[in-house]
Each structure stands twice: as structure tokens, then as C-alpha cells.
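Read-outs throughout are calculated quantities, based only on the coordinates presented, and are distinct from any laboratory measurement. What you are looking at is a predicted structure, and each value in this text was computed from that prediction instead of being measured. Note that we place each Cβ from the backbone using ideal geometry, even for glycine, and neighbour counts take in every protein chain shown.
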Amino acid sequence: MPHHCSAWGCTNRQNKDCKLRGITFHRFPTNKFVRKQWEAALRREAFIATSYSRLCSEHFEEKDFDRTGQTVRIRDGVLPSVFNFPAHLKRVKTLLLYSDHSYALPTCPGALKARLSKAMAKVESLEREKRNARDRERRAKSTVCGLLEELRAKNLINEELKEKLDLYSGKITTKFLKRFHK
């Protein structure tokens, strides 16, 4: 079964005619980050590539190919960049983030609202994790201070131990010891 090119408006099919014209077909990358970038570059709303999705070589520049072996391959990290978009798709801006995601803004307000809700839920989750981490850190500091207080009460902290504690625990120990030396 011949594959069709997934690009908007491209009529190339993986058949004998295209092969004679030197057009090659390429699977979408397995790396999720690069795959999302390819999907965003197509500017097709809600498009998700499957294992059967292909892009033809007409959507890449000549420098993007590795033709050293028998098989024509696309170099790692290359994005499709040659398209013939209609005017309404040329205005769509693709946001490429430097994290592990790539997004195209949805045109449907419902989809935008859903994406915003998901992002807000993620922010709330991260804020909750941050609060929990601070609480754990506060409890650990309190435990350390309690132990140091116990050692101080039993006169078990000498200058050598104080120096070692300063090396490992930093400012907390110093502040704690200063408080008890006064």
C-alpha cells in the first residue's frame, strides 16, 4: 500500500512515479520531542503522526539529507521547512520552546481552554510539590537543630566537631552554634 505525504496540500504518494523523480519518503522520528516539532511544522490542527505517517523529501532542504549510503536518510535533529502553505496557515505562528516540548497554538477556543486548564493543573501540582519539599526541608533542619542542641547540652561539641559540622552543614550549624555560645 503506497504512503501519502502528510504535509498540507502535498499530493505525493510513495509509488514508482515519485521514485523515478527522486522523491523519497521518511517516517516521523521516534524521539518524542523531535516528532512534536515535525507535527507542529506541518501546521495541521490536531495532527498526530502514526507509525504509517510519512513526509516526502520535498519538504526538506538538500543539506538535510545524508546520501552517503544506499538509503537516503534525514540527518538527526532536522525539521521539515519547505512548505507551500495557503495564506491562512502562513499567519499561524509555531512556538518552539527550548524545553522538551514544541507547540502550535490551537485555533479552536475550546482546545486552547483545555490546554490552558492542563497547564494550570500542572503549575498547581508543581507548586504543591515545592511546598512539600520546603516542609520536608524545614522538618529536617528542625531535627538537626534538635540534635545539635542535645549535643550542646551534654557538652559533646568541641572545636574539632564544630569545624566538621560547619563543613557539612554550612550556615545552619554556624547560626545554631552562635546562638548557643551567647
quick shape note, the stretch 16-74: Cα extents on principal axes in Å, largest first -> 33, 23, 20
In a shell of Cβ-Cβ distance under 9 Å around residue 4, excluding residue 4 itself, what net charge do Lys and Arg (+1) and Asp and Glu (-1) give?
+2
From phi via Karplus (6.51, -1.76, 1.60), per-residue ³J(HN,Hα) for the stretch 124-129 in Hz, x at Gly/Pro:
4, 4, 5, 5, 5, 4
HN-Hα J couplings of the stretch 42-59 from phi, Karplus 6.51/-1.76/1.60, θ = phi - 60°, integer Hz, Gly and Pro as x?
6, 6, 9, 4, 6, 7, 10, 5, 10, 5, 9, 5, 9, 10, 7, 5, 6, 9
With a/c under 1.5 counting as rounded, go ahead and sort the stretch 122-169 into rounded, prolate or oblate using the C-alpha gyration tensor (a ≥ b ≥ c being the square roots of the eigenvalues; past the cut-off, prolate if a/b is larger than b/c, else oblate).
oblate
